[in-house]
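Bear in mind that the values in this text are calculations on the coordinates, not laboratory data. A quick note: this is a predicted structure, and the numbers were derived from the prediction, not measured. Here the Cβ positions follow ideal geometry from the backbone for every residue, glycine too, while neighbour counts run over all protein chains shown.
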Amino acid sequence: MDLETVMDAARNAASNAYAPYSGFRVGAAILTESGALHAGCNVENASYGLGICAERSAAVAMALADTEDRGIQLVAVSSPNAAPCFPCGACRQFLREFGCKEVVVEDPAESTGFRRYPFEEMLPHSFGPEVL
Ligand code: THU
């Protein structure tokens, strides 16, 4: 699956964001190791701290969809409010759990319209399930 298709899924998901408090809409799309696509958007709450980011909501959708396909090849992130929009620290750790290899963000400075980052650059020296 090409990256444009994955980013399109993230863009579409952003349009479903529930962000009445921040007004900051985010969509994420996860491409699994087996080639499945799972999207998520941020979902905020009147009890502010309970809101969930787009990246984590996509990872939860992935975990629910197929217990045999929970390896993350890459995650694409899109926001109409900011480009690039990088995953927050909590989401980086959440994605790390499932072996995420790469993060792709929209970047108007790039001719492709997006930029790819190895996950190791996003969360170096990370803690993961294999040490437990
Ligand atoms: N947010 C995400 O969903 N993903 C990001 O990468 C950054 C931030 C959400 C959380 C909150 O609903 C809103 O954006 C403002 O922080």
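Here are the numbers:
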| quantity | calculated |
| --- | --- |
| For the chain: rounded, prolate or oblate by the Cα gyration tensor [a/c cutoff 1.5] | rounded |
| 222 nm mean residue ellipticity, helices alone, for the chain (DSSP H n ≥ 4; -39,500 (n - 2.57); rounded to 500) | -7500 deg cm²/dmol |
| Neighbour cut-off at most 12 other Cβ (10 Å), DSSP loop, GluC sites (Glu not before Pro), segment 1-80 | 68 |
| Length released on extending from residue 60 to residue 111, taking residue separation times 0.36 nm less the Cα-Cα span | 15.2 nm |
